[in-house]
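These notes are about the structure you will find just below.
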Amino acid sequence: MALLSKKDSKLITDPLADNNPITIQVLGICSALAITAQLKASIVMAVSVMAVLAIGNVVISLMRNIIPSKIRIIVQLVVVAALVIIVDQILKAYSYELSKTLSVFVGLIITNCIIMGRFEAFALANGPWRSFLDGIGNAAGYGLILVIVGFFRELLGSGTLLGFKVLGDPIEKTGLYAIGYENNGFMLLSPMALMVVGIIIWVQRSRNKALIED
Amino acid sequence: MENRTDKNSYTIIFAIGMVLIVGALLAFTAASLKPKITENQRIEKQQNILYAMGVNDNTEGSAVFVSTGDAAELFEKYIKKQLVIEGSNVSEDKEAYLIDIKKEKAKAKSGGVRRLPLFVGEKDGNTFYVIPIYGKGLWDAIWGYVSLDENMVIQGAYFDHKGETPGLGANIKERFFMDDFIGEHLLTDEGDFAGVVVAKGNADPKNENKTDNEVDAIAGATITGDGVTAMIKSDLKLYKPYFDNLKNN
């Protein structure tokens, strides 16, 4: 027997491609633009969002029958705010350098539309296990785009990946730099993140015509 | 039929209960992680002080501190004395680096005597006097450490900020800006305190003249630059009597 039923595994795989939160639903763009200049920051942000979204989805799902409908958005906000504060504190305690790089953006997970969107659209109507899978799936879809954008921006902008010099040394002029390559500083600016996301959307839609809207 | 969760009384009780539970959870997290976070902030201060006196892992372009693991050991090795100046009193204090400059500034405003921390470091036979400074930029606090020699000539500087604009004011913590301060004189030829002005459109953008009390400003970061000028002036000036004393003895 498979680990997950077909319906359950779709919860994970759908948001990775055909229903990706960033490229298809166009949610969570702001943080994707802001923190993807380095691959490491992208990965940590993806993991943080995954923790917040998966746990938050389960909490909201468990409470779905007792949440008063009049204040349900406030309840969702309190849950996500509490989780974000906990993630922020843990980063400050165990990864101080990174918490400074991510600075306000961890706090801004609260405003990440994906999170409120999934709480409202999925967790309020489904059981904890399915909500958990949905959280993981959507955060993975978000994280996947973040990592792709982070990969290209760090590689072309700084010539490094996760801090390692992969294209050679720009000062000593080794590797690619020896034949005249220069880092593209433009890649480190936020507008280029939008361009990379745009290219991903283009590639994705050209491969799957069903995604193209009229 | 009306659902039980739609009642006003239920809604209010639910809200109160939720706030209590979430509050308790957050208080517990904050309390249990606090020692670790304080420790990280302490190491950061040591790294900053060492950076200002030139003990760092700088690469060509970017500012890199000594690693967190080595910070405490290197701090012990290079910082020979930690002094606290209170009025005309100078005393040694092993934990002077933990003095909160912001609080001391507020104390001075309300009429109290300000405690001024000063770190005396030695590297390659030279003596460095490292001084913490604190001020305000465009959006929020800015701060830093400046190391001087006994003639009040800057040997190294480190600036940081809480929320300056990325790409503009936030560049005060980039090396191209911080390195401009090295060699800059704080005193005029006559020996009066002049500070260093972060100057727009000055005649010396490459900062070759180190006795003009000016460094080149960052375009688009006028208010942050003015904040740097102001904090250098207000905070470093307080140490002049100490340096005068040092010279006379």
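Read-outs throughout are calculated quantities, based only on the coordinates presented, and are distinct from any laboratory measurement. Treat the numbers as computed from the prediction; the structure is a model and nothing was measured. Virtual Cβ from ideal backbone geometry, glycine too; neighbours counted across all protein chains shown.
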Of B:Gly163, B:Gly135, B:Gly125, the most mobile residue in a GNM of chain B (C-alpha springs, cutoff 10 Å) is B:Gly125
Give me the lysines in straight-line cross-link reach of B:Lys36: C-alpha distance below 18 Å, same-chain residues under 8 apart excluded.
A:Lys92, A:Lys100, B:Lys45
Rounded to a whole number, the mean other protein chain Cβ count within 10 angstrom for residues of A:88-96 is 5
Just grab the label-to-label distance for A:Asp18 and B:Val64, each label 7 Å out from Cα along the Cβ direction, in nm (one decimal).
4.7 nm
Between rounded, prolate and oblate, where does region B:105-155 land on the alpha carbon gyration tensor, with a ≥ b ≥ c its root eigenvalues, rounded for a/c under 1.5, else prolate if a/b exceeds b/c?
oblate
For chain A, projected area of the alpha-carbon convex hull averaged over all directions, nm²
15.1 nm²
Return the tail of the calculated pair distribution for region B:59-104, meaning the percent of Cα-Cα pairs more than 13 Å apart.
70 percent
Taking every residue of A:47-60, the Cβ atoms of other protein chains inside 10 Å of its Cβ average out to 0
Among B:Ala108, B:Phe176, A:Ile136, whose Cα lies farthest out toward the positive end of the dipole of the protein assembly as shown, if unit charges sit on the beta carbon of Lys, Arg (+1) and Asp, Glu (-1)?
A:Ile136
To one decimal place, what orientation-averaged projected area in nm² is obtained for the convex hull of the Cα set of the protein assembly as shown?
31.3 nm²
Order these by the 10 Å Cβ neighbour count, fewest first: A:Val79, A:Val59.
A:Val59, A:Val79
Shielding of A:181-190 by partners, i.e. mean partner chain Cβ atoms within 10 Å per residue?
1
re region B:124-249: pairs of Cα atoms spaced beyond 24 Å account for a percent value of 23 percent
Helix A:128-158 versus the longest principal axis of chain A: what is the Cα-based angle in degrees, 0 to 90, to the nearest 10?
10 degrees
Scoring only Lys, Arg, Asp and Glu (+1, +1, -1, -1) among other residues with Cβ under 12 Å from the Cβ of A:Thr13 yields -1
Quick one: helix A:190-207 against the long Cα principal axis of chain A, what's the angle to the nearest 10°, folded into 0 to 90?
70 degrees
Springs between alpha-carbon pairs under 10 angstrom, Gaussian network model over chain B: which of B:Ala157, B:Ala221, B:Ala27 fluctuates most?
B:Ala27
Rounded to whole Hz, the Karplus (6.51, -1.76, 1.60) HN-Hα couplings of region B:90-105, x for glycine and proline:
10, 10, 8, 8, 4, 10, 4, 5, 8, 4, 8, 4, 4, 5, 5, 5
Taking the alpha-carbon centre of each part, the distance from region A:1-64 to region B:47-84 in Å is 40 Å
Can you sort B:Ser110, A:Ser31 so the residue with the fewest Cβ neighbours within 10 Å comes first?
B:Ser110, A:Ser31
When every alpha-carbon pair in region B:206-249 is counted, what percent end up more than 12 Å apart?
70 percent
Calculate the dipole size of region B:182-223 relative to its Cα centre from +1 charges on Lys and Arg beta carbons and -1 charges on Asp and Glu beta carbons; express the result in debye to the nearest 20.
260 debye
Gained length - B:Thr188 relative to B:Ala15, 0.36 nm times residue gap less alpha-carbon distance:
55.9 nm
Any idea which of A:Ile109, A:Val166, A:Leu77 is furthest toward the positive side of the dipole for the protein assembly as shown, if Lys and Arg beta-carbons carry +1 and Asp and Glu beta-carbons -1?
A:Leu77
Looking at chain A as a GNM with Cα springs under 10 Å, which of A:Leu156, A:Leu39, A:Leu146 has the largest mean-square fluctuation?
A:Leu156
Final fewest-first order of A:Ile110, B:Ile12, A:Ile148 on the 10 Å Cβ neighbour count is B:Ile12, A:Ile110, A:Ile148
